[in-house]
Amino acid sequence: CILLENVVGLLSKKHRPLLQQILKLLKRMGYLVRVWKMNSLEHGIPHNRPRLWLVAVLEESMVNVPQIPKSLTYLPSLSQGFVAIRGPLFVLGVKTKLTQRERSIVDRVRNELSGDSAVHLEKHAILIDIFSSENFGTWHVDKSPCLTRSRSKRGGFWVLQRESTLTQKEIATLMGID
C-alpha cells in the first residue's frame, strides 16, 4: 500500500501533468489508485489545511477497495480544548511581547472585533496571524489557519485572549499529533 499526502496545488492546471504521470506509473505497476482532496477541519481537527491524498493498493493483494473517509457533520472548535484561551501563559518558548508592527496588527483586530457582537471573547479562541505584513494580518475564530513548518517555528499564531503565541503542544495537537 502506498499513501501520499501533498498540497492541493497538485490538482492545478500547472501541476496536473505531474499528477497524471504519477497515476499512470502506479497503474502500470498494477496499483488501484484513489485520489481525493480532504481538509483536516472536516475530520475533527480545527486546523484549516486542505490536502491532496493518494492511496494506491496492489490489485493482486487487495482485499477491500480503499474508502475515502466521510466528513464530520460538524466543524471542530479551538475552544473545545485545543487551545487554552485563558492566560497569562508562562511556558518556555512562547512569545508574549510584540513588536510595534505586530502590536499594530493586534490592535487592528481588536478594533474590528469591537463592532462584532457575534464574537464573544470569553467563549471563542481568536487566533491572529501576527507574522504576516500589517495589511495581511488575518484573524480566525475557533479555527487555525494553515500551520506551516516555518510559521510553527515562530509560535504559530497569537492567541488574543491570553496575549501569547501558541505552545508547541498546541501546535502539535492542531497538526493532529497527540
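Computed from the coordinates by the stated procedures, all read-outs in this text should not be read as laboratory data. Not measured: the values here are computed from a predicted model. Positions of Cβ are generated from backbone atoms using ideal geometry, with glycine treated the same way; all protein chains shown enter the neighbour counts.
Quick one: helix 100-114 against the long Cα principal axis of the chain, what's the angle to the nearest 10°, folded into 0 to 90? For helix 100-114, the angle is close to 90 degrees. Counted by Cβ distance under 9 Å from Leu75, the other residues give a net charge of -1, where Lys and Arg count +1 and Asp and Glu count -1. Each residue, Asn39 and Lys169, gets one label point 7 Å from its Cα in the Cβ direction; the gap between the two is 2.9 nm.
Across the chain, the mean sequence separation of Cα contacts (distance under 8 Å, 6 or more residues apart), normalised by length, yields a relative contact order of 22 percent.
Defining a contact as two alpha carbons under 8 Å apart and six or more residues distant in sequence, what relative contact order in percent does the stretch 1-78 show? For the stretch 1-78, the relative contact order is 36 percent. Please list, in chain and number order, the residues 5+ apart from Val7 or on another chain whose amide H is under 5 Å from its amide H, with Hs placed from the backbone. Amide H neighbours of Val7: Leu52. Rounded to the nearest 10 degrees, the angle from helix 16-28 to the longest Cα principal axis of the chain is 40 degrees. Arg51 sits among other residues whose Cβ lies under 9 Å from its own Cβ, and their net charge, with Lys and Arg +1 and Asp and Glu -1, is +1. When peptides 56-69, 24-37, 149-162, 132-145 are sorted by average Cβ neighbour count within 10 Å, with the highest value leading, the order is 149-162, 132-145, 24-37, 56-69. Label-to-label distance for Leu58 and Ser77 is 4.9 nm, based on points extended 7 Å past Cα in the beta-carbon direction.
Once you divide the Cα radius of gyration of the chain by 2.2 N^0.38 Å, the number left is 1.26.
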